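Data first, discussion second: the structure below is written as structure tokens.
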Amino acid sequence: MDSNSSSSSSVSGTLILIAGLLREPAGTRPLVFTVVLFFYSVALVGNLLLCAAIYRDVRLHRPMFILLANLAISDIVGCSATLPRIMHDLVAPNLISVGECITQMLAIQFYRALECYVLTAMALDRYAAICRPLHYHAVVTNGRAAAANAAVVVVSALLVSVLLILTSRLNFYNCDRPKAVYAAQCDNVQLLNFACSDGTANNVYGLVLTSCTVGLSLAAVSFSYASIIYECRFRGTSRDTAASKGHQKAMQTCVTHLLVLAVFYLPVLFLVTYNRVDKYLPIPDAARQLLGGLFYLAPPALNPIIYGVRTKEIRKAMLRILCCKFGRDSVTPGDEGH
């Protein structure tokens, strides 16, 4: 922690010290900056490429890929809300204004809610495709997938708007509480620690928000994949060989989604849990910062790689864009072998 940062923080009550950064020793800052820049570049390029591939290739104009495009947009929001600011704080005084801190906290909450709901929609899509195959194409259409994308954006924005209203009522000025965020980014729990007014409503709503996003999402995802496993492992054994092989192939496609779920939910569960019990189970700062950083480093960077490597249609579409081949063969449905 820099001495000039500490003095600046004490002089101005409107500035917050970002203390949870790997700034010390100072000689490691270029390395940390390079690592963060690498992850941000991979996340930005990978997700933009994924969106472009889905938009340009009509073979990818299907419900699952429409939902995946929204997941990529969510990842761009998440990494852009955190990583550029972290890089700034590594090369400049690590101070942030109250308004900027609140804005970042809201953006991160929006990212978390949006990512949870999109992953839930994708899990339900896999459930419908595998457990209700005869009704899938009649029920799950491109229009309904687009409507689901719009709905999760609206619901996420409404949930975060309530948190904005509650936070705007808090007094962060004219008080002598130490203003320091012991993480690489601002969050609701950290903000309440140096607010001068009562933050009980914010704390309660934070729990409600977590329940409505992470809790409901995990419940829906667990139901979907429990049903899929039952369908493929138990009911599928009593069916003909062709149906059994179809279920095996469907299970293989679900592995990709399960990897994406693990990459997102494991860091989220760590953050949600540790923010509530950090006083009772302290861990080294460096380890806590690295584990917490996985929330906004791993999913945005790894999701497009996972889908690009494991999904043939996306891999081919991405390669066509990278090779600058946008001729008739890249949009003609009859070309692709499955």
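The values are calculated or read from the model by the stated rules, or taken from the named source; none is laboratory data. Everything numeric here is computed off the predicted structure, so don't read it as measured data. For neighbour counting, all protein chains shown are included, and Cβ atoms are generated from backbone atoms with ideal geometry for every residue, glycine included.
When Tyr111 is tested against (1) farther than 27 Å from Ile229 by Cβ; (2) hydroxyl-bearing (Ser, Thr, Tyr); (3) modelled with pLDDT under 90, exactly one condition is not met: (3).
Quick check on Val139: is it among the β-branched types (Val, Ile, Thr) and without any contact (Cβ under 8 Å) to a residue 24 or more places away in the chain? Spelling it out, Val139 is indeed among the β-branched types (Val, Ile, Thr) and without any contact (Cβ under 8 Å) to a residue 24 or more places away in the chain. Tell me which residues, restricted to segment 177-218, are under 21 Å from Phe270 (Cβ atoms) and part of a loop (DSSP other than H, G, I, E, B). If the condition is that a residue be under 21 Å from Phe270 (Cβ atoms) and part of a loop (DSSP other than H, G, I, E, B), then Tyr182, Ala183, Ala184, Gln185, Cys186, Asp187 are the ones that fit. Among the residues of segment 155-178, is any without any contact (Cβ under 8 Å) to a residue 40 or more places away in the chain and under 22 Å from the mean Cα position of the chain (by Cα)? Yes, there is a match, as at least one residue in segment 155-178 is without any contact (Cβ under 8 Å) to a residue 40 or more places away in the chain and under 22 Å from the mean Cα position of the chain (by Cα). Based on this model, can you work out whether Leu17 counts as buried (at least 22 other Cβ atoms within 10 Å of the Cβ), in contact with a strand residue (DSSP E or B) (Cβ under 6 Å, 6 or more places away or on another chain) and not in a loop (DSSP other than H, G, I, E, B)? Considered against the rule, which asks whether it is buried (at least 22 other Cβ atoms within 10 Å of the Cβ), in contact with a strand residue (DSSP E or B) (Cβ under 6 Å, 6 or more places away or on another chain) and not in a loop (DSSP other than H, G, I, E, B), Leu17 comes out as yes. Residues of segment 84-123 that are of a type in the set (Ser, Thr, Tyr), within 25 Å of Leu170 (Cβ to Cβ) and not in a strand (DSSP E or B): Thr103, Tyr111.
Looking only at residues in segment 287-315 that are free of Cβ contacts under 8 Å to residues at least 60 places away in the same chain and under 12 Å from Leu60 (Cβ atoms), the one that is surrounded by the most Cβ atoms within 10 Å (Cβ to Cβ) is Thr311. Taking the listed residues Ala113, Ala129, the one that is touching a residue at least 60 places away in the same chain (Cβ under 8 Å) and closer than 30 Å to Phe194 by Cα is Ala113, with no other qualifying.
Looking across segment 199-239, the residues that are of a type in the set (A, V, I, L, M, F, W, C), surrounded by 19 or more Cβ atoms within 10 Å (Cβ to Cβ) and modelled with pLDDT under 90 come down to Ile228, Cys232.
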